[in-house]
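The numbers here are math on the coordinates, done by the rules we state, and not lab data. Only a predicted model underlies this, so the values are computations on that prediction, with no experimental measurement involved. Neighbour counts run over all protein chains shown; Cβ positions are idealised from the backbone, glycine included.
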Amino acid sequence: MPAPLPQRPRRRVVIVDDHSAITEMLQQVIELMPGHKVVGSAEDTAGALELCRREQPDLIVLDLVMPPDSGLSLLAPLRAACSRARILIFSGHLEADSIERALSSGAHGLVEKMAGLDEFRQALQAVGSGRVYFCRSTSDAIRNLVNLKPPRAGLSARLSDREKTVLRGLADGLSSKEISARLGISVHTVVNHRTRLTKKTGLRGVAQLSRYAVQLGLVEPSVAVCPAL
């Protein structure tokens, strides 16, 4: 008798939203997605942090408007409490300022609540797969941010072709290990290239380097499933 096939690991999801109707709807949608399981939900920042610390989810769906603070204030503590979790912002309040703050605080995707459920599924799948996802309206806002607030390095840094390739990989949301596999070089070499990128550009963190990649024309921020920031 053949051995049973190993079960595919399920992505464990936490929903953070203060509207119970939206939470229930999202739970039904997510539970119907193969390989996904909702392990809990919270309706305020304190409850969300406690839940995520306990469950250590793979994915967090986060609203930005919640009592007593905002989802934005929760991003940094969530990243500290469950560093491996990837965060999809699902909110009806995505203005330029909140988009910039969300990206700077480590969000991996941004989708408006006006978007359809098909797009929500696509975004959750993309973020869970290690990519980033921005709906069309947020992509437009990101483009404006790039134009209005260019990185300090401007376009003056002279990057080698290999450094540009590594920068593109960072903007694709890849880890150093994934970039090394893509390029066929060692992880140590990728880390060295990242260090040189930081020194040459004066930029720190994936968000700033990704914005720089957009400005250089290495990636395109207007694509819906964004291998772009």
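Laid out as a table, the results:
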{"read-out": "Stretch gain in nm, segment His93-Arg79, where the contour uses 0.36 nm per residue and the Cα spacing is subtracted", "value": "2.9 nm"}
{"read-out": "Share, in percent, of DSSP beta bridges within segment 11-146 that are antiparallel, nearest 5", "value": "5 percent"}
{"read-out": "Arg158 versus Lys177: modelled label distance in nm, points set 7 Å from Cα along the beta carbon direction", "value": "3.6 nm"}
{"read-out": "Two-site label geometry, Gln28 and Val191: point separation in nm, points 7 Å out along Cα→Cβ", "value": "4.9 nm"}
{"read-out": "Estimated vicinal HN-Hα couplings, Hz - segment 22-28 in sequence order (Karplus 6.51, -1.76, 1.60; Gly, Pro = x)", "value": "5, 4, 5, 4, 5, 4, 5"}
{"read-out": "Cα gyration tensor, segment 15-124 - rounded (a/c under 1.5), prolate or oblate", "value": "rounded"}
{"read-out": "All lysines inside 29 Å of Lys177 as judged from Cα atoms, apart from same-chain residues fewer than 8 positions distant", "value": "Lys37, Lys164, Lys199, Lys200"}
{"read-out": "Relative contact order for segment 11-146, counting Cα pairs under 8 Å that sit 6 or more residues apart, in percent", "value": "21 percent"}
